[in-house]
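First comes the structure, then the notes that go with it.
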């Protein structure tokens, strides 16, 4: 699968408001992540619906899951989001005809400071 296709799949996954809300929760949870049960409490959706959304986020590598005892912990994959931002910055802004080819550098600076 090409970088274009991977990036499109990842952006498509985040195009759903519920999945974007879940991803935002996981980003804010940081390296310690968040349990599936806690995600379900915060998002207020049935378990089967959450499972569907989590599976898609995991399929496009935006989320990683880890079993800790009987608890399933989910974490945002920052490296993958960095690749998405990098692709947008490097590929979409390269050789811009309006003289804004430095936009990618600006985006990377913003992402690094966020």
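Numbers below:
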quantity: Qualifying residues in the range 33-48 (those that are in a loop (DSSP other than H, G, I, E, B) and out of contact with any strand residue (DSSP E or B) (no Cβ under 9 Å at 6 or more places or on another chain)) - the one surrounded by the fewest Cβ atoms within 10 Å (Cβ to Cβ); calculated: 44
quantity: The range 93-114, subset farther than 30 Å from residue 51 by Cα and surrounded by 13 or more Cβ atoms within 10 Å (Cβ to Cβ), residue modelled with the highest pLDDT; calculated: 93
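Let's see how each residue does on (1) outside any loop (DSSP other than H, G, I, E, B); (2) touching a residue at least 40 places away in the same chain (Cβ under 8 Å); (3) surrounded by fewer than 16 Cβ atoms within 10 Å (Cβ to Cβ); (4) in contact with a helix residue (DSSP H, G or I) (Cβ under 7 Å, 6 or more places away or on another chain):
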{"residue": "5", "(1), (2), (3), (4)": "yes, no, yes, no"}
{"residue": "19", "(1), (2), (3), (4)": "yes, no, no, yes"}
{"residue": "26", "(1), (2), (3), (4)": "yes, yes, no, no"}
{"residue": "29", "(1), (2), (3), (4)": "yes, yes, no, no"}
{"residue": "50", "(1), (2), (3), (4)": "yes, no, no, yes"}
{"residue": "55", "(1), (2), (3), (4)": "yes, no, yes, no"}
{"residue": "61", "(1), (2), (3), (4)": "no, yes, no, yes"}
{"residue": "66", "(1), (2), (3), (4)": "yes, no, yes, no"}
{"residue": "91", "(1), (2), (3), (4)": "yes, yes, yes, no"}
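The values are calculated or read from the model by the stated rules, or taken from the named source; none is laboratory data. None of these values were measured; they are calculated from a predicted model. Quick reminder, even Gly has a Cβ in these numbers, built from the backbone with ideal geometry, and neighbours come from all protein chains shown.
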